[in-house]
Amino acid sequence: MTNDTQSPVQTDGFHLLIDALKLNDINTIFALPGIPITDLTRMAQGEGMRVISFRHEQHAGNAAAAAGFLTQKPGICLTVSAPGFLNGLTALTNATTNCFPMILISGSSEREIVDLQQGDYEEMDQLAIAKPLCKAAFRVLNAEDIGVGIARAIRSALSGRPGGVYLDLPAKFFAQTMDAEAGKKSLIKVVDPAPRQIPAPDSVQRALTLLKGAKRPLIILGKGAAYAQADADIRALVEKSGIPYLPMSMAKGLLPDTHEQSASAARSYVLPEADVVMLVGARLNWLLSQGKGKTWGGNGPKDWADKSFIQIDISPTEADSNVAIAAPLIGDIGSCVSALLAGMGSSWAKAPAEWTSAVAERKNKNIAKMAETLAKDPSPMNYHSALAVVRDIVKANPEAMLVNEGANALDFTRSIVDMYQPRKRLDVGTWGIMGIGMGFSVAAAVVTGKPVIAIEGDSAFGFSGMEVETICRYNLPVCVVILNNNGIYKGTDVNRGGGADVAPTVFVKGARYDKMMEAFGGVGVHVTTPQELSAAMKEAIASGKPTLINAVIDETAGTESGRITSLNPKTAAIKK
Ligand code: OXT
Ligand code: ADP
Ligand code: MG
């Protein structure tokens with residue numbers, strides 16, 4: 001029905017939302033349908049968007065987060081109210097923690113009923129719950145406001161430090177109608193959503209002066225540097241300065257891990273020895289021992305090491321969060337790095353040879369030691385002999401995406417498998433969270449179209465394992481390798497009470513995860529040797545078929561919590 005003042009053509013909340021996303025070049029939605037967004041998923045698909053439908057919202061959310069990291073556009077996750085929203089919230093919060101841009105759009109119950117707590121279907125004050133857990137949260141009540149709502153969500157997710165944004169859409173919004181022409185006019189194409197932030201010239205000079213005087217400089221590249229897509233300039237900065245660099249896990253491949261200036265294999269040497277450390281998109285959080293203590297050459301865990309930091313970051317409040325930052329360089333990484341390069345001029349002296357050759361000596365020793373270990377072929381297969389295979393496969397397929405989670409399965413993969421190209425490695429990130437595996441894999445395949453290799457601990461895989469159905473449904477080129485040691489960390493723990501239950505960290509022995517993939521029409525392979533693993537991985541990559549390789553490894557091989565054993569609280573002196 002139309003009245004005199006309306007044009008005959010009407011639109012509604014559903015279509016305006018879809019149009020607002022498409023207008024901003026967002027063409028993929030990671031979703032799980034249900035009331036009140038079922039029709040939205042159908043219509044979005046009908047309007048030419050890619051709608052990837054998941055089995056659990058956390059994985060749809062993780063996929064959106066990974067898509068955001070890879071593309072510098074906010075990934076979209078769409079969920080139903082209360083329980084669906086809550087399932088997606090972990091991913092939204094994790095994305096915010098990781099500084100990945102995403103938007104969680106959730107249907108919600110009617111405001112009037114929620115606010116009076118009258119018991120609506122899936123009633124929950126979702127906006128209030130989301131607010132402290134993400135970067136920004138908005139609600140749109142009227143169809144005519146969705147253009148502004150999407151624009152604000154995009155700007156909030158992308159500008160400054162990227163992060164997760166929540167957009168609350170009560171059920172009534174979707175069916176609201178309005179004049180189509182007026183609706184079209186109400187939409188906003190966001191101009192320059194992540195404006196460059198040019199560093200102040202004096203802060204560039206301060207950083208250069210510090211670098212120039214350094215005897216033992218070190219560069220640490222973090223996942224912010226990978227996100228920034230300033231790959232050529234970052235490489236130029238490293239090479240022009242001649243400074244050894246350490247990539248954090250998701251910055252691996254920004255320069256090939258085989259680069260002569262990579263100090264990965266000399267980590268425990270360069271951190272305490274360096275006198276000037278330049279952080280590029282990396283925070284001094286737990287992964288870097290907060291910049292203090294023995295890791296950095298200090299005496300006790302709280303002892304500030306005797307060194308100066310330069311920190312390149314887009315967030316002006318990041319500096320001094322843990323230790324004093326002598327030269328904060330605030331701006332976007334692309335602008336900061338190019339300003340440094342310009343300031344270095346053509347006669348910049350490379351890092352002192354005494355330092356670089358000392359680093360090289362340590363590093364080569366460690367690499368030789370690692371090569372010896374990798375050359376062994378023990379029976380049963382262990383992390384090293386299995387990952388030596390993965391290392392070769394990734395070397396032969398440098399464009400492949402690598403997803404990685406677990407404890408030992410994570411830590412050994414990080415140090416054994418070299419990466420050759422930027423943004424090819426996705427992992428547990430700042431929280432060390434399990435459950436990103438299949439969601440990240442789906443996004444990696446959908447966004448890049450390249451083969452995906454997911455190296456998973458058997459526990460880690462369990463958090464998102466049901467999404468192998470999603471992988472099969474969309475026929476994605478994902479090869480999941482489960483390093484199966486029958487449990488969390490290892491499979492040999494015992495029940496200390498002597499009862500019939502197995503220990504809390506132990507799983508069903510000899511589990512056949514490969515059968516899960518077969519159940520949905522994918523390829524399942526059970527392997528026990530490196531030769532079998534190699535053949536199965538090669539076949540998976542060549543065929544592009546969804547594949548799950550159950551790689552049985554020595555159940556005694558792992559250590560508690562992998563490389564972060566020291567973070568486990570120690571028992572007090574109470575012994576039975
Ligand atoms: O210099 P040194 O001599 O020290 O040597 C270092 C390098 O120099 C050297 N290296 C090399 N050598 C030779 N060649 C090369 N190329 C080379 N590269 C490096 O190797 C060593 C190590 O180098 P690295 O790794 O760089 O150095 P380091 O000191 O380890 O770095 C410190 C860190 C902190 C940066 C690093 O360790 C790191 O990034 N760690 C991340 C750890 C992490 O996030 N772990 C995940 C969480 S563990 C735990 O929480 C788990 N849970 C609980 C749980 C979680 N997380 N989430 C949720 C939602 N619920 C519960 C669970 C359930 S893990 C887990 C499951 C575990 O079981 P699985 O079955 O899945 O896995 P398995 O363990 O396999 O059974
Ligand atoms: P890692 O875990 O790899 O050490 P972190 O997640 O701790 O990395 O740090 C990433 C940092 O990068 C964050 O402090 C974030 O503010 C910053 N960052 C993200 N994107 C940019 C960008 N485009 N320019 C500058 N800094 C950025
Ligand atoms: Mg395990």
Can you spot the aspartates and glutamates whose alpha carbon is less than 17 Å from residue 363's alpha carbon? Ignore those fewer than 8 places along the same chain. 257, 260, 273, 354, 372, 418
Would you report the distance distribution of C-alpha pairs in region 14-61 as whole percents per 5 angstrom bin, up to the bin with the largest distance? 5, 23, 31, 25, 12, 2
Of the convex hull enclosing the alpha-carbon atoms of the chain, the direction-averaged projected area in nm² is 30.7
If eta is 0.890 mPa s and T is 25 °C, what Stokes-Einstein diffusion coefficient results for region 436-528, Kirkwood Rh from Cα pairs, in µm²/s? 172
To the nearest 20 debye, what is the magnitude of the charge dipole of region 321-452 about its Cα centre, counting +1 on the Cβ of each Lys and Arg and -1 on the Cβ of each Asp and Glu? 160
If each part is reduced to its alpha-carbon centroid, region 281-344 and region 512-570 end up apart, in Å, by 37
Order 291-299, 366-374, 530-538 from most to least packed using the mean count of other Cβ atoms within 10 Å. 530-538, 291-299, 366-374
Taking the Cα centre of each part, how many Å lie between region 370-409 and region 152-166? 37
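What is the sum of charges around residue 513, taking Lys and Arg as +1, Asp and Glu as -1, for the other residues whose C-beta is under 14 Å from the C-beta of residue 513?
-3
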Quick check on the chain: of the DSSP beta bridges with both residues there, what percent are antiparallel, nearest 5%? 5
On a straight-distance basis, which lysines could pair with residue 515 in a cross-link, Cα separation under 23 angstrom, same-chain partners fewer than 8 positions away excluded? 490, 538, 545
Figure the gain on full extension for residue 232 and residue 365 (residue separation times 0.36 nm, minus the Cα-Cα span) and round it to one decimal in nm. 44.9 nm
Show me the ranking of peptides 113-124, 473-484 by mean Cβ neighbours inside 10 Å, starting with the highest. 473-484, 113-124
Among the lysines, which have Cα under 20 Å from the Cα of residue 135 when same-chain residues fewer than 8 positions away are ignored? 73, 223
Most positive-pole-ward Cα, 107, 432, 286, against dipole of the chain from beta carbon charges: 286
Lys/Arg +1, Asp/Glu -1 at C-beta; region 376-573 dipole; positive extreme among 505, 419, 471: 419
Charge dipole (debye, nearest 20) of the chain; +1 at Cβ of Lys and Arg, -1 at Cβ of Asp and Glu: 1820
Here, region 234-278 modelled as identical Cα point scatterers in vacuum has Debye log10 I(q)/I(0) at q = 0.19, 0.23, 0.24 Å⁻¹ of -0.56, -0.83, -0.90
Surrounding net charge for residue 78, when Lys and Arg each add one and Asp and Glu each subtract one, Cβ distance under 13 Å: -1
Could the peptides 231-242, 59-70 be put in order, highest first, of the mean number of other beta-carbon atoms found within 10 Å of their residues? 59-70, 231-242
Could you work out [θ]222 nm for the chain from helices alone, using -39500 (n - 2.57) per DSSP H run of at least four and dividing by all its residues? Round to the nearest 500 deg cm²/dmol. -11500 deg cm²/dmol
Binning every alpha carbon pair distance of region 376-573 at 5 Å from zero, what are the percents per bin? 1, 8, 17, 21, 21, 15, 8, 4, 2, 1, 0, 0
Only four residue types carry charge here, +1 at the Cβ of Lys and Arg and -1 at the Cβ of Asp and Glu. Report the dipole size of region 201-361 about the Cα centre in Debye, rounded to the nearest 20. 200
Work from the charge dipole of region 10-186 (Cβ charges, +1 for Lys and Arg, -1 for Asp and Glu, about the Cα centre) and give the residue of 177, 52, 17 farthest towards its positive end. 52
Net charge of Cβ neighbours under 13 Å - reference residue 167; Lys, Arg +1; Asp, Glu -1: +3
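Only the coordinates and a few stated rules stand behind these numbers; no lab work does. Here the structure is a predicted model, which means the values were calculated and not measured. Methodologically, a virtual Cβ is constructed for each residue, glycine included, from the backbone with ideal geometry; neighbour enumeration extends over all protein chains shown.
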